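Student: Right, I'll just put the structure down here and ask away after.
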Amino acid sequence: MAKLKDYTKEISKCSKCGLCQTVCPVFQKTLNECDGARGKMVMLEGVLNGAIKIDDKMLFYFKKCDGCNFCESACPAGIKIKEIFNCVIENL
Ligand code: SF4
Ligand code: SF4
C-alpha cells in the first residue's frame, strides 16, 4: 500500500492555481478551502513537512469528498488527486 510520503513529489506539483475549486461540488457549496483539492494539497504538504498531523478534523474533510474526480480532470499539473486522497483514507 502506498504511503503518503510516496506522493511527496506529486503533491509538490500543486501550483495552488485553484482550478480544482471551480469544479468541486463540495467546495462550491461550502466555499471552505479545506473542501477543495487545493486546500487538501496544502494540508498534506503540512503533514509531509512535519508541521501538522493527520487528525480526525482533517480526515473529516477527506471523507466529505464525493469522489467525483472533477478536480483531477481540471488540474493542469495532472496531479493524481484521487490516488492521493485514497492513500490518506486507506492509511488511517
Ligand atoms: S488544480 Fe491542481 S495545481 Fe491547481 S490548485 Fe488544484 S490541485 Fe493544485
Ligand atoms: S473528487 Fe472531491 S475534492 Fe475533487 S472535485 Fe470531487 S468532491 Fe471535490
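Student: Within region 74-86, work out how many residues are outside any loop (DSSP other than H, G, I, E, B) and surrounded by 15 or more Cβ atoms within 10 Å (Cβ to Cβ).
Tutor: So the answer is 6.
Student: What is the number of the single condition among (1) under 12 Å from Ile79 (Cβ atoms); (2) in contact (Cβ under 8 Å) with a residue 40 or more places away in the chain; (3) polar (S, T, N, Q) that Ser12 does not meet?
Tutor: Of everything listed in (1) under 12 Å from Ile79 (Cβ atoms); (2) in contact (Cβ under 8 Å) with a residue 40 or more places away in the chain; (3) polar (S, T, N, Q), Ser12 misses just condition (2).
Student: Can I ask one more? Within region 47-73, take every residue that is more than 15 Å from Phe85 (Cα to Cα) and among the small types (Gly, Ala, Ser) and give me the one that is surrounded by the most Cβ atoms within 10 Å (Cβ to Cβ).
Tutor: Ala51
Student: Considering region 44-66 alone, what residues qualify as being in contact (Cβ under 8 Å) with a residue 24 or more places away in the chain, part of a loop (DSSP other than H, G, I, E, B) and closer than 20 Å to Ser15 by Cα?
Tutor: Scanning region 44-66 gives no hits.
Student: Return the total of residues in region 1-54 being more than 12 Å from ligand 1 (Cβ to nearest atom) and of a type in the set (Gly, Ala, Ser).
Tutor: Qualifying residue count for the region: 4.
Student: Being closer than 16 Å to Met58 by Cα and small (Gly, Ala, Ser) is the filter here; which residues of region 1-42 pass it?
Tutor: Answer for region 1-42, where residues must be closer than 16 Å to Met58 by Cα and small (Gly, Ala, Ser): Gly36, Ala37, Gly39.
Student: Still on this model: Would you mind stating whether Ala2 is small (Gly, Ala, Ser) and more than 13 Å from the chain's Cα centre (by Cα)?
Tutor: Taking the combined requirement at face value, the residue satisfies it.
Student: Sticking with this structure for a sec: I'm checking my understanding of the structure. Among residues of region 17-43 that are surrounded by 12 or more Cβ atoms within 10 Å (Cβ to Cβ) and in a loop (DSSP other than H, G, I, E, B), which one is nearest to ligand 2 (Cβ to nearest atom)?
Tutor: Among residues in region 17-43 that are surrounded by 12 or more Cβ atoms within 10 Å (Cβ to Cβ) and in a loop (DSSP other than H, G, I, E, B), the one nearest to ligand 2 (Cβ to nearest atom) is Cys24.
Only the coordinates and a few stated rules stand behind these numbers; no lab work does. Because the structure is a prediction, the values reported are computed rather than measured. Methodologically, a virtual Cβ is constructed for each residue, glycine included, from the backbone with ideal geometry; neighbour enumeration extends over all protein chains shown.
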